[in-house]
1. Can you give me the Rg/Rh ratio for region 1-65, using Cα atoms for both radii and the Kirkwood formula for Rh?
2. Volume per residue, Å³, of the convex hull around the alpha-carbon atoms of region 131-221?
3. Please report Rg over Rh for region 14-124, where both radii come from the alpha carbon positions and Rh follows the Kirkwood definition.
4. List the relative contact order of region 1-65 as a percent without decimals, with contacts defined as Cα pairs under 8 Å and 6+ residues apart.
5. Can you compute the equivalent ellipsoid semi-axes for region 70-165, i.e. the square root of 5 times each eigenvalue of the Cα gyration tensor, sorted largest first and rounded to whole Å?
6. Region 137-207 to region 88-125: how many Å between their Cα centroids?
Amino acid sequence: MVLPTSGQLSFGEINIEIGRGFTSQIGLLQAESGQYVAINQASTSRPNGSSPYGINEWYGYNHSATAGATITNVEFSSDETNPYMSTIYVSGVAGYLNQNSIQFEYTRDGGTTTSSLQYLYSNGTNAGIVYPYFYGFTRQNSYAIRARTYSGGTYGPWGPYFYFTVPCVPYGAIYAQYCNGCNMMQSYHDGNCGYTGYTDTGYSYYCCPPPASFSLSVGSGTATASISFGQTMNLEYIEVTLYGQTGIGSWDIIGFSNVGYYYPGTFMTASASGYAAYGYCGSPTGENSQYFAYGAAYANGLAWSDGPVYC
């Protein structure tokens with residue numbers, strides 16, 4: 001049962017609500033401080049636990065109340081100066097998952113905001129996750145947020161407030177970077193909402209193309225690309241694509257990737273053949289048909305290219 005919200009209220013009714021016998025001896029201090037049973041914080045009306053203790057504090061207390069939508073954690077983007085709330089974790093939302101079924105009320109710089117309905121993805125049997133993109137926060141400032149469910153035109157009760165402080169970006173995350181010649185210079189977040197000076201991290205493939213030569217050759221019906229390397233490199237990714245055209249058709253597009261170490265003088269090749277395989281390099285019948293190809297190689301975001309190359 002729920003205790004009445006006004007009028008007569010007896011100690012026996014409080015005993016029954018908290019699971020004790022009607023005639024059991026009861027003290028308000030002991031009851032409010034949880035010495036008999038813990039006060040249910042999900043009840044919207046409940047005694048405050050502070051002196052002076054009064055029976056009127058028990059009006060509307062519901063010892064069987066459930067919290068409903070309860071926020072368990074929030075996460076923020078890595079933008080130092082304009083962070084947004086990127087993820088919200090919510091429990092107690094079974095039956096509301098995978099639909100636009102939850103609303104938030106939160107404090108932010110400038111006041112309190114009530115959001116539109118948000119899509120609640122499943123994150124467990126009775127838990128959900130939301131990707132809200134809420135802005136208006138300052139790092140190291142404190143805020144509060146709560147949630148309520150929605151279904152069939154009816155909102156559930158607001159859950160308890162979740163209090164949080166927007167953290168600084170963790171130490172070690174890259175803040176900014178630039179190329180100094182072939183070396184990468186990087187600055188890092190310091191974990192205290194600031195950032196470090198620039199550190200020379202050494203040679204970077206993104207600053208200077210790895211030394212290599214790229215060439216194409218075109219024969220009767222086939223184009224071949226070759227890359228030879230001038231120094232030892234450990235490539236994260238490399239891809240070669242060839243394409244071409246003749247008077248009677250097009251080359252097949254091909255590509256392949258290869259990862260690992262390459263040493264001076266080693267090379268890799270890729271070949272493509274197309275409709276020109278049915279003809280010759282040049283036209284034995286006197287037709288004005290030429291064969292050509294383009295080629296490109298990519299390694300760690302940088303590119304070499306060659307073409308058009310004619311047979």
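Values quoted throughout were computed directly from the atomic coordinates according to the rules given, and no laboratory measurement underlies them. No experiment lies behind these values; they were computed from the predicted model shown.
1. Radius of gyration over Kirkwood radius for region 1-65 works out to 0.90.
2. 211 Å³
3. Expressed as Rg/Rh, it is 1.12.
4. Worked out over region 1-65, it gives 40 percent.
5. Three semi-axes, in Å: 23, 14, 11.
6. 21 Å
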